[in-house]
Structure formats: structure tokens, C-alpha cells
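The values are calculated or read from the model by the stated rules, or taken from the named source; none is laboratory data. Quick caveat: nothing in here was measured; it's all calculated off a predicted structure. Here Cβ is always computed from backbone atoms with ideal geometry, including for glycine, and neighbour counts include all displayed protein chains. Keep in mind that these areas ignore ligands, DNA and RNA; they rest on the heavy atoms of the full protein, side chains included. Shrake-Rupley method; radii C 1.70, N 1.55, O 1.52, S 1.80 Å.
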Amino acid sequence: MFQVVKGTRDILPERIEVWQRAERMAHEVFHLYGFREIRTPILESTDLFRQGLGSDTDVVKKEMYTFLDRKGRSLTLRPENTAPVVRAYLEDGRHRRAGLDRMYYVGPMFRYEQPQKGRYRQFHQIGVEVFGGKEPEVDAETMEMVLYFLDRLGIGGCQLELNTVGDETCRPGYRKVLMDALVSHQGELCRDCRERYRGNPLRILDCKQETCRTILRDGPFLQDHLCAGCREHFHAVQRILEDLEVPFRIQPRIVRGLDYYTRTTFEVTNSTLGAQDSLLGGGRYDGLVERFGGPAVPGFGFAIGLDRLVLVLSGGGDEAPVPTGIFLIATGGEVSRWFMKTARKLRRRGLRVVNEFGEKSLKAQMRRADRSGCSHVLIRPEETPGRVRVRRLQDGEQSEFDQEAWEEIVREVNIGKGE
Ligand code: AMP
């Protein structure tokens, strides 16, 4: 028998409800803030990510699913979706329109990482991108939105962690300060960080190894080396968040893994997640559109790890779906005709109807009803022709109806659903 590929998972029908709830909430809340959905392909050219994310990043160096297609073109299963959305934005000429362009996406991403709880090779993100706004209000409003989204889902224990990574004016100077501070500690750094020291020293700040963390416990941190523009932006973002009564904490270690961030970076962590406690992350990427050959359009975005969100929502266990709809049960003559007609009539009145086919005993049909996810059964007893019974599975309570009293049957099932 075949098995699912390592690091990927089936999301089975019994578990889908919580995923759908999260996705529905994203559609609803993001819509309220003026966002519209974009769907881009899962396959992109490899250069898009090399150029977009930076060839020194872990994702590009070690984690991409890259292959040659039949014509020898190098393609990659998207490891993230900001670069593809920027490509689509430019390809569609959207940068020529005035004003903010707010988009969001939902879908699978692929990274060759070591699988563990909350970390998969195919995982799912809900993300947003805002193009065309350099103002700190864009940062603050977008962060406020994601916290509202989490709030609407009833998720507690979330912490907004805020930082700035400066821009091309102040980052090179800070990079030097950081390298100077680390030069005598190079031998104590972990193997990855020794490599990062030359290529991407800022990433040493978010290394999880205890030794590397200790070395940089007291800085130097970028927030003390910002240029005037970045300092002003950072302060304005904080002030607006305070105005909006959004709690946050400055966390100088949040530099994010990808090269394209400028100024604001942030994460939301959740205390119930354990080691992989980052629920979502993002920030500002003012240089990215230019890096792709477009004009200097500022951008801001984030991506929520949907797999982790589902873990938090279901508390690690499965959430039993709420039973709904009706299962058809009949014996005697013309069973199949009755099934087909009744199901059609009731479904056209908005009722979920589950039926199974073939002759089966009453007992066998009842057993299937229990597993159908329905709240009620509709029984056509042989002994009372023309009459049917609606029985609530939870407590066995039942009422009798004329077999064609469609509206009454639907109403009976919907009682208790608040309809
Ligand atoms: P990133 O795209 O790396 O900024 O990550 C954004 C969010 O996606 C993280 O906060 C995680 O919740 C989620 N995420 C990233 N990588 C994985 C993975 N391999 N498995 C599951 N979730 C992930």
C-alpha cells in the first residue's frame, strides 16, 4: 500500500471543519478591511524565489522543492507566497493604478524541513499583502486586523511581538556593529551561525541555540542604531497601536528569515504551541517590488501558519463536527425511488440529506445513520403507508408527518438550530 509522503498529511473529512472555520473567518474579516482574494499558481520559476527571498536565506539554500520540467526549465513548488503575489501584481500592471492594493491568499506552501509537531513539508498559509502604502498606519492597521481575526476565532494566549530591521540607510552600519560585537565570539557560535556571520549576520539574532542567544543577550540591537526615518516610523507604529489599544511587546530578536524585510517586522506567538510557537509573522518589504524590476512601491504583509492555527483551535485534539441534516431510512417496496425523490425534494429546500443505496435491514440502516454525521433520521415505516417519522438521534424524540410535507419536515429538523 502507498503511504503519504514524509512531511505531508491528509486532512480527513472528520477534521476538516476547523480548517473551514478558520478559512471562512479569514474571508469575512479580511473583507471587512478591504482585502480581496488572489489565487496564484503553486508552481513558479525558481529564479522568482532566488531573486525575491535572497540566495543566502535558509529557505532558498536548503528548503526548496526544485525540479526541471520536461523542457529543462527549473521550477519550484512555492515555499511562500509574497514573491508570487509581487510577480502577479507587476504582471497585471497593478502598480500603475493609484492607491492601496490589498490582497490575501489561502493555500499550501512547500519547504524541505525536518518534520515535527507544527512543522511540515507541505503546510498551509493564510496571508495578506498591501501594496502602495508607506505610512505607519498601514503597518498598524494590518496588525490590528490579524489580532481581530484571532480574537473572532476565540483564540487566547496570543502575543504580538514587534521589531524593526531598519532599511538600507541604517542596516549596513548596524551590520558592522553586530559583526564587531561578535568577532571575538565566532568560535562559540553554533555551526549555522558561523556561516550566517559572513552571509546574513542579522539572522544570528533569532537563532534558537542557547549559546548564541546568550552571546547577544544584551545586544547590540538595531533599534539603538536606526536612522531618523526608520526611528520615526517605528515610533509612529507603536503610537498608533497604543491608540488602537492593541497590546504588543518589543522583541529585538525578530528579524524574520527572509531577506526582503525593511522597517517593521512582527510575529504573533501562542503560548499553547510549544517549541514552534510562532503562529504568524510578517512585516514591511519596501524594496521587494523594485527588486523584481518594478517601481519603488512599498509593501506590507504577513502569513499565518494555518496548520498551527488549527492546532491551537482544536487544542491538539479533534473537534467533533456538529451533527446536522437527516439520514433516510426505509424498508419495503420502492425504497430506492423514495430515497431519490425525498432527498431531491429536501435538498432543494436547503436541508442536508444523506442516503445510502441497496437493500439493508432496519438495524443496519440505523447503524449507518449514527455514523453519518446527521442529527436526525427520516424513517418511512412499512406499516404506515404515506406517513414518515422524523427522529432526533440525540434523544430519540420523534414526530410523524405526511410523507410529502416537505416544509414541515425541514422545519422539524431545523428546530434547535436557531432557524
Ligand atoms: P514564514 O513564511 O517563514 O514567515 O512563516 C509564517 C508562518 O508560517 C509561521 O509563523 C508558521 O506559523 C508557518 N510556517 C512556516 N513554516 C512552516 C512549516 N514548515 N510548517 C508549518 N507551518 C509553518
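With respect to the conditions (1) out of contact with any helix residue (DSSP H, G or I) (no Cβ under 6 Å at 6 or more places or on another chain); (2) surrounded by fewer than 20 Cβ atoms within 10 Å (Cβ to Cβ), TYR261 falls short on a single one, namely (2).
Restricted to the range 121-218, the set of helices (runs of 4 or more DSSP H) holding at least 2 residues that are of a type in the set (S, T, N, Q) comprises 210-215. With respect to the numbered conditions (1) assigned to a loop (DSSP other than H, G, I, E, B); (2) surrounded by fewer than 14 Cβ atoms within 10 Å (Cβ to Cβ); (3) more than 16 Å from the ligand (Cβ to nearest atom), which one is the sole condition not fulfilled by ARG337? Going through the list (1) assigned to a loop (DSSP other than H, G, I, E, B); (2) surrounded by fewer than 14 Cβ atoms within 10 Å (Cβ to Cβ); (3) more than 16 Å from the ligand (Cβ to nearest atom), ARG337 breaks only (1). Residues that are in contact (Cβ under 8 Å) with a residue 60 or more places away in the chain and either more than 18 Å from the chain's Cα centre (by Cα) or open to solvent by 80 Å² or more (accessible area, probe 1.4 Å) (or both) within the range 1-20 comprise VAL5, LYS6, ARG9, GLU14, ARG15, listed in sequence order.
Of everything in the range 368-419 that is assigned to a helix (DSSP H, G or I) and β-branched (Val, Ile, Thr), the residue that is farthest from TRP338 (Cα to Cα) is VAL413.
In the set PHE248, PHE234, PHE292, PHE266, only one residue is in the same structural domain as PHE30 (by TED's automatic domain parsing) and within 15 Å of the ligand (Cβ to nearest atom); that residue is PHE266. It is to be established whether one or more residues within the range 299-307 are more than 16 Å from the ligand (Cβ to nearest atom) and modelled with pLDDT of 95 or more. Within the range 299-307, not a single residue is more than 16 Å from the ligand (Cβ to nearest atom) and modelled with pLDDT of 95 or more. Scanning the range 57-68 for residues that are open to solvent by less than 70 Å² (accessible area, probe 1.4 Å) and touching a residue at least 24 places away in the same chain (Cβ under 8 Å) gives THR57, ASP58, VAL59, GLU63, MET64, TYR65. Within the range 113-129, restricting attention to residues that are within 28 Å of GLU141 (Cα to Cα) and within 13 Å of the chain's Cα centre (by Cα), the residue that is nearest to the ligand (Cβ to nearest atom) is PHE123.
Among the residues making up the range 248-289, those that are of a type in the set (Lys, Arg) and within 21 Å of the chain's Cα centre (by Cα) are ARG256, ARG284. Looking across the range 148-191, the residues that are open to solvent by less than 10 Å² (accessible area, probe 1.4 Å), over 30 Å from THR272 (Cβ atoms) and aliphatic (A, V, I, L, M) come down to LEU178, LEU182, LEU189.
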